Amino acid sequence: MHLAVRRRSVGRSRQLVMSLVFFSLLQMGCGPEEYQKPIQQFQDASNSVISTTRAFLNNMNVIEQNAKLDNVVFQKEKLDLSDLEKIEIISPEEIRIRTQALDALTQYTSNLAELAQGKAGAAVGDNTTKLSSSLKGLAEDAKKLPAAKGTFFDNAKFSGIVSGAASAIGAVAQLIVEHKARREIETSIEANDAAVTLLIQQISDDAAGAYLRQKSQLGAYGDQLSKDYQVALNGSPDPILLLSFAKTLKSYRTQSAQLTQANPGPAIEKMKKAHESLVAYVKSSKNPKTLAELVTAVQEFVTAAKPLGQAVQSLISAS
Amino acid sequence: MSLIEVATVIGNVLTQIDITLQTPGLADPDWQTLYALRKHLDDEQRDLIRESIEEENDEYQALTTQLNNASAQLKTVIGDFSKVATTISIISQIASYADQILKLV
């Protein structure tokens, strides 16, 4: 009897040693540098997307004001410049709430990266708790904004989604702070992630909406330019006027090309996929295959984010 | 199909209209009709972006299917100046579907 128990005990010890060796080998297969690189790239690309989204949203009022100006001139109506200043379809507060929510999501993903490395320390717990509080504050701020009908964005819906993400991140933070088992934390991350990705999706939709409006306004400007040129040709065109048309049309073509490059929607969509890959990596056995999937998702995100900064700056200076 | 996807379909229609409006050869009355329709679709797109809807609603799903079909149909005729009347008719239909969607939100 004693011999049987001893044999089982030795067998378990061997199994444990083998598991540890296997785990160490896996860790060697995806060492810290290999893991840190995509995480650093994710953070850099996220910073680029945040600043681009902020610039893009900031430019929206100018675009709508210019659209109004173009239409007034095209229709040969009376021009009141002070009227243009009154057009504000997105307020600085709406922009702040959206970009800060995106920033909080990026920081949360960084914390997930720390957790995936087995670094569920007090700092990560505290920081995740702060992010949850910060998102709760943003949800409250969004609630105070004007209702959907009078504004470009649906602030009430946004507030609800931010609030859901805040609760989800708060639930994960609570487990980290309470030093719960790693497996339990990982399960909670996966279970709560739908609310987090919903927020990324909402920010992506808002950015896509802003892009669609800019594209439509620019298209209308092109229509007006073309028509005016045709009208000028049908009369007795002044060569200087025609040259002026050429200059304006060249600027329009440049803006059209830059606008395509400046769309932050696809980059945010890739950011969502990279985040989902990280969550899958956290929950996985962290082998080279899951790391490779994470690296691929991050690379696609980096590629999508790369042209944004320059394109948005060029677009804004051309507006 | 989400509202942002509907707004994207409208955006693609707007782009096709812009290409037509920017191509010489369209008779002025047709140009003006298309431009007026463009303005209407542009207003609808702005409204769609800021609204929310229950995507599982049967009526909404039927309308988005009709919108997609009309958008696909438009691609086969737009740009052909001998089919301007058909083009205008399909765009009017698209605008009508978008109007009906906006009534559901």
### Summary
In the set A:Lys157, A:Lys180, the lone residue that is outside any helix (DSSP H, G or I) and either farther than 21 Å from A:Phe42 by Cβ or among the aliphatic types (A, V, I, L, M) (or both) is A:Lys180
### Task
Collect the residues in the stretch A:260-290 that are among the aliphatic types (A, V, I, L, M) and crowded, with 18+ Cβ neighbours inside 10 Å, keeping them in residue-number order.
A:Ala262, A:Ala267, A:Ile268, A:Met271, A:Ala274, A:Leu278, A:Val279, A:Val282
### Message
Given the condition part of a helix (DSSP H, G or I) and crowded, with 17+ Cβ neighbours inside 10 Å, answer yes or no: does some residue in the stretch A:76-83 qualify?
### Response
no
### Query
Among A:Leu138, A:Leu105, which is the only one that is under 30 Å from A:Thr290 (Cα atoms), surrounded by 15 or more Cβ atoms within 10 Å (Cβ to Cβ) and not β-branched (Val, Ile, Thr)?
A:Leu105
## Note on the structure
Subset of the stretch B:1-13, residues within 13 Å of B:Ile78 (Cα to Cα) and surrounded by fewer than 22 Cβ atoms within 10 Å (Cβ to Cβ), comes to B:Asn12
### Task
State all residues of the stretch B:74-95 that are of a type in the set (S, T, N, Q) and surrounded by 16 or more Cβ atoms within 10 Å (Cβ to Cβ); if no residue qualifies, say none.
B:Thr87, B:Gln93
### Query
What number of residues in the stretch B:8-36 are among the polar types (S, T, N, Q), more than 14 Å from the chain's Cα centre (by Cα) and at the interface with another protein chain (Cβ under 7 Å from one of its Cβ atoms)?
1
### Message
Going by what's in this entry, would A:Ala304 be described as over 21 Å from A:Ile189 (Cβ atoms) and at pLDDT 85 or above?
### Response
yes
### Message
So, in the stretch A:286-306, exactly how many residues are more than 21 Å from A:Thr53 (Cβ to Cβ) and outside any helix (DSSP H, G or I)?
### Response
2
### Message
When you scan the stretch B:74-82, do you find a residue that is within 14 Å of chain A (Cβ to nearest Cβ), in contact with a helix residue (DSSP H, G or I) (Cβ under 9 Å, 6 or more places away or on another chain) and among the acidic types (Asp, Glu), even just one?
### Response
no
### Query
Do the conditions hold for A:Ser226, that is, is it within 9 Å of another protein chain (Cβ to nearest Cβ), among the small types (Gly, Ala, Ser), out of contact with any Gly (no Cβ under 8 Å at 6 or more places or on another chain) and more than 28 Å from B:Arg50 (Cβ to Cβ)?
yes
### Query
What do you reckon, is A:Val124 surrounded by fewer than 18 Cβ atoms within 10 Å (Cβ to Cβ), touching a residue at least 40 places away in the same chain (Cβ under 8 Å) and in a helix (DSSP H, G or I)?
no
### Message
Being more than 12 Å from every other protein chain (Cβ to nearest Cβ), charged (D, E, K, R) and farther than 19 Å from A:Phe158 by Cα is the filter here; which residues of the stretch B:42-61 pass it?
### Response
B:Glu56, B:Asp58, B:Glu59
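Residue-wise test of (1) within 19 Å of A:Val279 (Cα to Cα); (2) in the same structural domain as A:Lys283 (by TED's automatic domain parsing); (3) of a type in the set (S, T, N, Q); (4) more than 22 Å from the chain's Cα centre (by Cα).
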site	(1), (2), (3), (4)
A:Ile169	yes, yes, no, no
A:Asn192	yes, yes, yes, no
A:Ser216	no, yes, yes, yes
A:Gly222	no, yes, no, yes
A:Ser236	no, yes, yes, yes
A:Leu241	no, yes, no, yes
### Query
Can you name the number of the only condition in (1) within 16 Å of the chain's Cα centre (by Cα); (2) within 13 Å of B:Val6 (Cα to Cα) that B:Leu74 fails?
(2)
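Here's the yes/no breakdown for (1) in contact with a helix residue (DSSP H, G or I) (Cβ under 8 Å, 6 or more places away or on another chain); (2) at pLDDT 85 or above; (3) β-branched (Val, Ile, Thr):
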{"site": "A:Thr187", "(1), (2), (3)": "yes, yes, yes"}
{"site": "A:Ala191", "(1), (2), (3)": "no, yes, no"}
{"site": "A:Leu198", "(1), (2), (3)": "yes, yes, no"}
{"site": "A:Tyr211", "(1), (2), (3)": "yes, yes, no"}
{"site": "A:Gln217", "(1), (2), (3)": "yes, yes, no"}
{"site": "A:Gln224", "(1), (2), (3)": "yes, yes, no"}
{"site": "A:Lys227", "(1), (2), (3)": "yes, yes, no"}
{"site": "A:Ser256", "(1), (2), (3)": "yes, yes, no"}
{"site": "A:Met271", "(1), (2), (3)": "yes, yes, no"}
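The values are calculated or read from the model by the stated rules, or taken from the named source; none is laboratory data. Model, not experiment: these values are computed from the prediction. With ideal geometry, Cβ positions are generated from the backbone for all residues, glycine too; neighbour counts draw on all protein chains shown.
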